[in-house]
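Right, one structure below, let's go through it.
The values are calculated or read from the model by the stated rules, or taken from the named source; none is laboratory data. Every value quoted in this text rests on a predicted model; they were computed, and no experiment measured them. So basically every Cβ, Gly included, is an ideal-geometry build from the backbone, and we count neighbours across all protein chains shown. These accessible areas exclude ligands, DNA and RNA; they are computed on the full protein's heavy atoms, side chains included. Shrake-Rupley method; radii C 1.70, N 1.55, O 1.52, S 1.80 Å.
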Amino acid sequence: MNDDVNEPTKKFDASRAAEYESQSRIALAGYDACHELAACILAAALGTGGNRRILIVGIGGNAQEVISISRIEPTWKFTGVDPSQPMLALAAERLEAHGLSDKTMLHIGTLDSLARDQDFDAAMMLGVLHHLPGDDAKSAILKAIADRIAPGAPLILAGNRYAYASKPLLLAAWGERWRMHGAASEEVKQKLGKILQGADPPHSSEAVFDLLDRAGFEQPESFFSSLFWNAWIAWRKRP
């Protein structure tokens, strides 16, 4: 892997993994709602029941995608990919606690190291794209997803968009959310500083649509938004 691909893996080390559960719900107002809606959108897109196979890119942490979908689609199976061993270990623990280990195959590494011996019925990638530096890395991971799902299959994509400094009111409101959850003023400054230095979100929804189009996806539609965060469904182009 090159340095651009390795960088997000370094960020999600053991210390980051330990705080992921609480931090993610503060950073994203509506964390559970987004995952629940993503599950509902996917079920509505694919139809209920059956033996669907879902690819989840960046499953590390609490495996919330699997937990949310399995509440309404208990027969679906999942392959979860993540390059961070500490984050993947957390996902394995959460899946075990919810009795979902037998329906989820976990793969340590990037998509490039995942065998291309099947077409998945759908894919999900939540909270990953804005951690990848530059458009080339973003395009590469979206293209790798497109290469592993069936033509016409849906992708659920979610993450931050807008250059953070370009939206000072949203950034300030983000800081207030941390303060609402007990962070002191100096801690808020530190967290916002890390945010400004530690991610590279697409600069607009249109930039996301362009990345999707170039990777082989079409008809993106938004279904959830919270400050910088947005979630879309898009479809793998047919030949």
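Failed condition for Gly152, given (1) more than 26 Å from Thr79 (Cβ to Cβ); (2) in contact with a strand residue (DSSP E or B) (Cβ under 8 Å, 6 or more places away or on another chain); (3) of a type outside the set (S, T, N, Q), with all others met? Only one criterion is unmet by Gly152, namely (1).
For the range 80-110, what are the residues that are part of a strand (DSSP E or B) and either polar (S, T, N, Q) or surrounded by 22 or more Cβ atoms within 10 Å (Cβ to Cβ) (or both)? Once the filter is applied, which keeps residues that are part of a strand (DSSP E or B) and either polar (S, T, N, Q) or surrounded by 22 or more Cβ atoms within 10 Å (Cβ to Cβ) (or both), the range 80-110 yields Gly80, Val81, Asp82, Thr104. Out of Ile56, Ile72, Ile67, I need the residue that is of a type in the set (Val, Ile, Thr), open to solvent by 10 Å² or more (accessible area, probe 1.4 Å) and outside any helix (DSSP H, G or I). Which one? Answer to the check: Ile72. Filtered by the rule that a residue be part of a helix (DSSP H, G or I) and of a type in the set (A, V, I, L, M), the range 111-134 gives Leu111, Leu129.
For the range 181-239, the tally of residues that are exposed (fewer than 14 other Cβ atoms within 10 Å of the Cβ), in a strand (DSSP E or B) and either in contact (Cβ under 8 Å) with a residue 60 or more places away in the chain or not polar (S, T, N, Q) (or both) stands at 2. Looking at Lys138, is it open to solvent by less than 50 Å² (accessible area, probe 1.4 Å), of a type in the set (D, E, K, R), in a helix (DSSP H, G or I) and touching a residue at least 40 places away in the same chain (Cβ under 8 Å)? Spelling it out, Lys138 is indeed open to solvent by less than 50 Å² (accessible area, probe 1.4 Å), of a type in the set (D, E, K, R), in a helix (DSSP H, G or I) and touching a residue at least 40 places away in the same chain (Cβ under 8 Å). The single condition among (1) charged (D, E, K, R); (2) open to solvent by less than 60 Å² (accessible area, probe 1.4 Å); (3) touching a Lys or Arg at 6+ places or on another chain (Cβ under 6 Å) that Lys77 does not meet is (2).
Could you say whether any residue in the range 99-116 is among the acidic types (Asp, Glu) and within 14 Å of the chain's Cα centre (by Cα)? Within the range 99-116, none of the residues are among the acidic types (Asp, Glu) and within 14 Å of the chain's Cα centre (by Cα). Scoring Glu176 on the criteria (1) more than 23 Å from Arg25 (Cα to Cα); (2) among the charged types (D, E, K, R); (3) in a helix (DSSP H, G or I) leaves a single failure, condition (1). Residue check: Asp121 meets all listed conditions (1) acidic (Asp, Glu); (2) closer than 23 Å to Arg238 by Cα; (3) in contact (Cβ under 8 Å) with a residue 24 or more places away in the chain; (4) out of contact with any strand residue (DSSP E or B) (no Cβ under 9 Å at 6 or more places or on another chain) but one, namely (4). Looking across the range 111-128 at every residue that is surrounded by fewer than 19 Cβ atoms within 10 Å (Cβ to Cβ) and of a type in the set (Asp, Glu), the one that is modelled with the highest pLDDT is identified as Asp112. Take the residues in the range 20-41 that are open to solvent by less than 20 Å² (accessible area, probe 1.4 Å) and out of contact with any strand residue (DSSP E or B) (no Cβ under 6 Å at 6 or more places or on another chain), then tell me which one is farthest from Gly182 (Cα to Cα). Step by step, filter the range 20-41, then rank; the result is Ala39. If only residues of the range 146-172 that are within 15 Å of Ile26 (Cα to Cα) and within 22 Å of the chain's Cα centre (by Cα) are counted, the one that is most open to solvent (accessible area, probe 1.4 Å) is Leu170.
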